[in-house]
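Just so you know, all these numbers are worked out from the coordinates, no wet-lab data involved. On a predicted model such as this, the values are computed, not experimentally measured, just so you know. Glycine also receives a Cβ, built like all others from the backbone with ideal geometry; neighbour counts cover every protein chain displayed.
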Amino acid sequence: MGDARGGSGTGNFRAAWRPLNALCWLAATLAAAPGASAEAPDPGESLRVFERVDGWIRSGAAPADPEAIDPEGVSGTSVRIRIRGAVLGDSTVMSDDGSSVWRATRNALREAVAGLPFESADERAEAFEQSAGRLVVEVELAGSLQPILGETFAAAARRIRPWVDGTAARVGQRVEAFFPGSMIATNADPEAALRACVGRFDVAPMELADLASRESLVVYRFETVHIVRSQSEGLAQFLQRGDRIIPDSDVTVANLQGAAESIARHLLTHEWRGAEPLGMTGAYLPHRDAYDPPIATPSEQALAAIALSRFARVPGCDGAIREESQRFAMRLLQRLTIVESGEPDPLADPLACALWLIARDDLNRSADAIQGMLSPEFATRARSTVAELFDIERGWQASAPRRQRALFTHCLAVLARDDPDLRDLADAALGERFRTVDAGRLVAEMPWLGWAAIELAGDAPSIGAAPRLRLLAEASWASQVTPERSASWAPDLAGGIVFGSGSASLPTWQTLRPLAFLGTALGDPRLVGAEEFAPELASMRRSLRFVLQLQVRAPFSALVRVPERSEGGIRLSTWDQTLRIEASALGLLTLSETLSSLESR
């Protein structure tokens, strides 16, 4: 990893990536705690109340007489007790009499103890006491209820910030609420949460405008302070959308290596454990502890093989994990050549063919003598399928979906390295993409189009598409959410890249598409010169912070049903815990390419 002038020393940049000390981290955490808004409870008062609740729960008993300890302005409380991801007790109480904290804690404790699998009350109480140190205690305090308008559920839901605001509904004196923690537990979006609140009333199924006129129903949003302690000796943490805010100081080489290892481990948990050669399970849904679909598609499996094989070449990462990742990538490619009854045939899918060929090439670079271990017949047929997708005279065939043409171009570029006959075809396909794709849509072609341009340039002193690729980088950084540009309620989104426009546009896992390529570009002096390296690295660091924010790890992993199946995976967004193979694979590619580039510079 070179210095800002392009030298070969390592000291300057390693020093620049050092984390802040523990005191600075604590200050950053408190600065991100809710409470800046007058609508939210005071963080300091909330923390003091949390400590009392935590003590009650770990001792196994709350006071018998009511205690009005709610902080000023609190309209309700949600208390949840977990152990190893399983919810033991869960209670929500909406009240303005000051006792919602006490009542919710009593209810959650009663449910937690009563649900233990022992016959006598004494046995249940003893078992609960023995588990006290391992409990996860989660408390949410609701601020003032703010009425929201909307003729429909969808319109009203647009005024609710996902997993930041809670939602409530009132009919007469009765109030029903759905807290952000419950949204996380069920992976619910604001509209689903709002419908769940209204559904608890005995009202006819109709839109909000009709319910308001016929039932005098009023709907609300409310801000919360969300605090969790994962174990008795741990620190209480303020959560934003169920997670702590990753500080910029966490973006170090060591932490990026650890994050890459965690993604690789997560992908390894997807290996199909049955006797059938089915490869990988599909997307994992932590809130249901289920895989949907049960089997990943051939293209998802091949993409995972690409990510794992590139990770296997990343210097500095754990050698045992890299070796296992390489072996799993090999198994995936081998199993894709075996089609079980009822299983989709990869050779019938041009996308799966292209990804399989790219993965085979990556494995060739990281493993010795794999050619004979993969079916030559499968490789030949896959190559023919991809080569037939583009014709120099007629352009792309109808069998080449428009959204995947950049990937097919990259595959042609990879094949052209060992087959000069395909060189002109790959060059023409690359030129066609750059001619026909609008500059504003170029990001959707990444990382594949950028990788194709680098592949076809080979060892040449320059890359013909470099000006367009630099514009892509500039556009990406211009669309990056900086801490200054992010609203006070969204520090977790800092570093993400926004696609599209409008207030509803928020950064998601799609940020990884340009980042995977920009991580590669960082290590190529033809794209990022010595004088550009430092500012490019600074922009990349901001987005890598967002990648770390998307990853499942503590404390968020303490809020899901089976932490060991979730940890390390990349979520679709900070308000959607779904773990898709594609998102985790692109996250691993982003980190692997960046780490390799830093080492080379």
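This model, with +1 at the C-beta of Lys and Arg and -1 at the C-beta of Asp and Glu, gives segment 33-238 a dipole about its Cα centre of some 380 debye. Helix 512-521 and the long axis of the chain differ in direction by around 50°, with both axes built from C-alpha atoms. Taking the longest Cα principal axis of the chain as reference, the axis of helix 190-199 is set at about 30 degrees. For segment 458-465, 3J(HN,Hα) computed residue by residue from phi via the Karplus equation (6.51, -1.76, 1.60; θ = phi - 60°) reads x, 9, 4, x, 9, 10, x, 8 Hz, glycine and proline entered as x. Between amide H atoms placed 1.01 Å from N, distances below 5 Å from L116 occur with no residue 5 or more places distant or on a separate chain.
Relative to the longest principal axis of the Cα atoms of the chain, the long axis of helix 298-311 lies at roughly 80 degrees. Taking amide H as placed 1.01 Å from N in the peptide plane, the amide H of A290 sits under 5 Å from that of L285, each at least 5 places away or on another chain.
Here the Karplus relation 6.51 cos²θ - 1.76 cosθ + 1.60, evaluated at θ = phi - 60°, turns the backbone of segment 342-354 into coupling constants of x, 8, x, 8, x, 5, 8, 10, x, 5, 4, 4, 5 Hz, with x for every Gly and Pro. Protection proxy ranking for 48-60, 199-211, 222-234, using the average of other Cβ atoms within 10 Å per residue and placing the highest first: 222-234, 48-60, 199-211. Each label point was placed 7 Å from the Cα along the Cα-to-Cβ direction; for A254 and R381 their separation is 5.1 nm. Think of each Lys and Arg Cβ as +1 and each Asp and Glu Cβ as -1; about the Cα centre, that makes the dipole of the chain roughly 660 debye. Per residue, the average separation of C-alpha pairs within less than 8 Å and at least 6 apart gives segment 33-238 a relative contact order of 24 percent. Once C-alpha pairs closer than 8 Å and six or more residues apart are averaged by separation and normalised to the residue number of the chain, the relative contact order reads 16 percent.
Karplus-derived 3J(HN,Hα) values for segment 273-283, using 6.51 cos²θ - 1.76 cosθ + 1.60 with θ = phi - 60°, are 9, x, 6, 6, x, 9, x, 10, 6, x, 4 Hz; glycine and proline are entered as x. For segment 207-285, the percent of C-alpha pairs falling in each 5 Å distance bin, counted from 0 to the bin holding the largest distance, reads 3, 10, 9, 10, 13, 13, 10, 10, 9, 7, 6, 1.
Computed over the chain, the percent of Cα pairs more than 41 Å apart is 32. Peptides 381-391, 306-316 ranked from most to least packed, by the mean per-residue count of other Cβ atoms within 10 Å: 306-316, 381-391. Less than 5 angstrom separates the built amide H of G76 from those of S95, A142, all sequence-distant by 5 or more or on a different chain.
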